[in-house]
Amino acid sequence: VQLQASGGGLVQAGGSLRLSCADSGRTFRTYAVGWFRQVPGKEREFIAAISRSGSTRYADSVKGRFTISRDNGKNTVSLQMNSLKPEDTALYSCAADPSTVIGVRTSANDYNYWGQGTQVTVSS
């Protein structure tokens, strides 16, 4: 599994960005995929995750603004981020959880494979 995150950039508050997490492997569709973010000096924070079957879970801080989705035919998971705020500024990483646990998990320790991250900067 080799995950690659893309789509970050600089955007004004209130704007939108769409992040993508891609993998070339055949097993990607069997994994739950999560998005996490981190700012220097702080712990990695769970943002959203989607299970193999498509069930989703969001952090309270992004609920109603962010939407996670997956396209198994294209081996991609996307994170649509709307109504961005300066506090959303962080390095965003996607990760894959290969376990057979039903649903999604929110701890970074449960995710075995990580992409390199993409920077999101929201200006006020």
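The values are calculated or read from the model by the stated rules, or taken from the named source; none is laboratory data. Since we're looking at a predicted model, the values are computed, not measured. We place every Cβ from the backbone using ideal geometry, glycine too, and count neighbours over all the protein chains shown. Keep in mind that these areas ignore ligands, DNA and RNA; they rest on the heavy atoms of the full protein, side chains included. Shrake-Rupley method; radii C 1.70, N 1.55, O 1.52, S 1.80 Å.
Where the accessible area of the chain is counted over protein heavy atoms with a 1.4 Å probe, how much of it, in %, is carbon and sulfur?
Here carbon and sulfur together make up 45 percent of the probe-accessible area.
Under 20 °C and 1.002 mPa s, how fast does the stretch 31-124 diffuse according to Stokes-Einstein, given a Kirkwood radius computed over C-alpha pairs? Answer in µm²/s, whole number.
In µm²/s, the coefficient rounds to 159.
Of the peptides 48-54, 4-10, how do they stack up when ordered by the mean number of other Cβ atoms within 10 Å, highest first?
So the peptides 48-54, 4-10, ranked by packing, come out 48-54, 4-10.
Highest mean first, what order results for 86-95, 24-33, 55-64 on Cβ atoms within 10 Å?
Top of the packing list down: 86-95, 24-33, 55-64.
Of the peptides 99-112, 66-79, how do they stack up when ordered by the mean number of other Cβ atoms within 10 Å, highest first?
Going by the mean number of other Cβ atoms within 10 Å, highest first, we get 66-79, 99-112.
Starting from the 7 Å offset along Cα-to-Cβ, what nm value, one decimal, do you get for the label separation of A59 and K85?
1.2 nm
May I ask you to list the lysines whose Cα is less than 29 Å away from that of K74, ignoring any residue fewer than eight positions away on the same chain?
Candidates past the 8-residue exclusion: K63.
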